[in-house]
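Q: Got a structure here, written out as structure tokens. Questions coming.
The values are calculated or read from the model by the stated rules, or taken from the named source; none is laboratory data. These numbers come from a predicted model, not from an experiment. No Cβ is skipped: glycine too gets one built from the backbone with ideal geometry, and neighbour counts run over all protein chains shown. Accessible surface areas use protein heavy atoms only, side chains included; no ligands, DNA or RNA. Shrake-Rupley method; radii C 1.70, N 1.55, O 1.52, S 1.80 Å.
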Amino acid sequence: MEDEHAALLCNSTWDLVLRPQQANVVSSKWIFKHKFRADGSLERYKARWVLRGFTQRLGIDYAETFSPVVKPATVRTVLSLALSRQWPIHQLDVKNAFLHGTLTQTVYCVQPSGFEDPAHPVYVYRLNKSLYGLKQAPRAWYCRFAAYLISLGFVETKSDTSLFVFRRGSDIVYLLVYVDDIVLTASSPALLCSTIAALQREFFMSDLGPLDHFLGMHVQPCDGGLFLSQKQYMLDILARAGMSECKPCITPVDTSSKLSGAEGALVQDATDFRSLAGALQYLTFTRPDIAYAVQQVCLHMHAPREPHLAALKRILWYIRGTLDLGLFLVSWSSKRQATVSRSSAEAEYRAVANAVAEASWLRQLLMELHAPLRRSTLVYCDNISTVYMASNPVQHQRTMHIEIDLHFVRDRVALGEVRVLHVPTSLQFADIFTKGLPSL
């Protein structure tokens with residue numbers, strides 16, 4: 001607590017003032033937590049003084065709060081490029097990141113418990129810098145950090161505003177920001193060190209060395225790439241569910257039936273169900289094999305029933321038997337279509353349109369990373385009618401209402417950026433995202 005308070009004082013976070021009349025004063029509290037290493041062992045004890053953001057008032061002490069975070073596909077793309085070029089990849093940690101953000105609104109808060117000024121115990125703090133818990137704290141930190149990077153010559157990419165690129169001649173630096181976690185890679189070790197030194201001149205920042213643990217994932221170098229896994233996170237989920245010693249299962253979902261929203265009794269603790277389902281959603285970052293099973297469970301989070309709980313437990317049984325599985329740098333996307341299609345060809349075509357949109361975004365991202373693609377992106381579809389529609393001006397009464405998607409895909413095909421090819425159902429690997437599959 002003393003270290004935290006000293007850091008706040010050193011940063012000139014506030015001014016002690018007499019409380020203005022009619023001013024909204026934000027309350028606060030101390031939060032204590034354990035910081036763990038990637039293997040689950042205790043690293044250190046941590047105390048943080050945070051403000052209760054729910055006591056803020058919109059339009060008085062906060063306005064816009066949105067702050068971008070890096071996309072998973074961007075992380076995988078940048079890491080893939082760095083590996084293919086054999087660039088060093090380091091992780092940086094910003095100490096008290098949110099304290100660097102400069103506030104644009106006037107915010108008053110109470111003095112921290114146990115550290116009140118003895119001469120002015122009823123005075124309040126007028127904040128000069130943001131604090132953890134403030135609604136605008138993430139935005140203030142991002143704006144401050146982004147402004148400094150731009151002053152160094154970095155460019156904020158349009159494909160992902162949390163990715164910054166520096167290029168001068170043959171020297172290239174990629175920097176990814178996820179709140180206060182930073183991944184940095186450069187075309188040479190000397191350039192990497194000089195960039196880190198420039199950042200440390202402005203912020204309290206530690207170089208944690210080669211990338212090892214990022215966003216709850218363990219990053220392990222292996223032959224020809226990186227292996228991403230969330231084993232400790234999986235163990236934590238199982239422990240939270242009381243299933244650390246449960247019997248493993250070989251598949252994550254029943255292949256014979258789909259869940260109903262009306263059958264079975266409501267579960268006793270819906271909050272616990274939603275918490276576990278949300279935790280499993282984050283696990284799909286490195287475990288695409290459970291994406292469909294988790295999506296089916298999450299469809300019923302508003303009113304979970306016993307069959308839904310059984311399906312969730314089956315996923316946990318499967319995880320218990322596959323703790324060592326992870327991801328070898330693959331990008332994917334899977335989501336339920338928001339509209340009801342009038343034909344199977346339409347449903348497949350909308351899926352192709354989504355895939356082409358993702359591919360176009362990735363091509364734009366690679367262009368901004370100064371690694372443009374020279375060949376067409378291949379998109380496979382197991383519906384022949386959809387393949388025809390992607391390349392020819394097919395007119396049909398059932399496809400008139402999807403003309404916008406038709407033009408979008410055809411334009412990309414005509415430009416040579418995309419080729420839509422047919423793939424037999426027996427070779428359609430994407431089936432794992434859309435249905436339950438049996439074991440081999």
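Q: Within the chain, what whole-number % of the accessible surface is contributed by carbon and sulfur, with the 1.4 Å probe and all protein chains included in the calculation?
A: It is 55 percent, rounded to a whole number.
Q: Let me ask another. Computed on alpha carbon atoms, what radius of gyration and Dmax characterise region 127-246, expressed in Å?
A: Using the Cα atoms of region 127-246, the pair Rg, Dmax is 17.7, 56 Å.
Q: Something else now. For Cα pairs less than 8 Å apart in space and 6+ apart in sequence, what is the mean separation divided by the residue count of region 257-372, i.e. the relative contact order in percent?
A: Relative contact order comes out at 25 percent.
Q: On a C-alpha basis, how far is the centre of region 3-69 from the centre of region 301-326 in Å? Whole number, if you could?
A: Centre-to-centre (Cα) distance: 36 Å.
Q: Enumerate by residue number the trypsin sites (Lys or Arg not before Pro) in region 1-103 meeting two conditions: DSSP loop (anything except H, G, I, E, B), and at most 10 other Cβ atoms within 10 Å of the site's Cβ.
A: Details: sites: LYS29, LYS33, LYS35, ARG37, ARG44, LYS46, ARG48, ARG52, ARG57, ARG76, ARG85, LYS95; in loops: ARG37, ARG52, ARG57, ARG85, LYS95.
For trypsin sites (Lys or Arg not before Pro) across region 1-103 that sit outside H, G, I, E and B with at most 10 neighbouring Cβ atoms in 10 Å, the list reads ARG57.
Q: Same structure again: Arranged from highest to lowest average of other beta-carbon atoms within 10 Å per residue, in what order do the peptides 145-154, 417-426, 97-106 appear?
A: Averaged packing, sorted descending, gives the order 97-106, 145-154, 417-426.
Q: In Å², what does the accessible area per residue of the chain work out to with a 1.4 Å probe?
A: Per-residue accessible area for the chain comes out at 53 Å².
Q: Scaled to the compact-protein estimate 2.2 N^0.38 Å, what is the alpha-carbon radius of gyration of the chain, rounded to two decimal places?
A: Computed over Cα atoms of the chain, the ratio equals 1.14.
Q: So what J values fall out for region 421-436 if you push phi through Karplus, 6.51 cos²θ - 1.76 cosθ + 1.60 with θ = phi - 60°, rounded to Hz, Gly and Pro as x?
A: 10, 8, 10, x, 4, 5, 10, 7, 5, 5, 4, 5, 8, 10, 7, x
Q: Can you pull the semi-axes for region 1-113, root of five times each eigenvalue of the Cα gyration tensor, sorted largest first, whole Å? Display every interim value, and only then the final one.
A: On the way: eigenvalues 245, 84, 34 Å².
They are 35, 20, 13 Å, listed from largest to smallest.
Q: Then there's this: Filter LYS71/LYS258; LYS33/LYS158; LYS46/LYS135 down to the pairs with a C-alpha to C-alpha distance above 28 Å, please.
A: Distance filter (> 28 Å) returns LYS71/LYS258; LYS33/LYS158.
Q: For region 333-383, state the semi-axes of the equivalent ellipsoid (square roots of 5 times the eigenvalues of the alpha-carbon gyration tensor), sorted largest first and rounded to whole angstrom.
A: Equivalent ellipsoid semi-axes, largest first: 27, 12, 6 Å.
Q: Using the Cα centre as the reference, give the magnitude of the dipole from point charges on the C-beta atoms of the chain (Lys, Arg: +1; Asp, Glu: -1; all else neutral), rounded to the nearest 20 debye.
A: Values: 45 positive and 39 negative charges, 91 e Å.
Dipole size: approximately 440 debye.
Q: What is the chain's relative contact order, in percent, from Cα pairs under 8 angstrom and six or more apart in sequence?
A: 14
Q: Could I ask something else about it? Please compute the contact order of region 1-83 in relative form: average sequence separation of alpha-carbon pairs under 8 Å and at least six residues apart, divided by the residue count, as a percent.
A: 26
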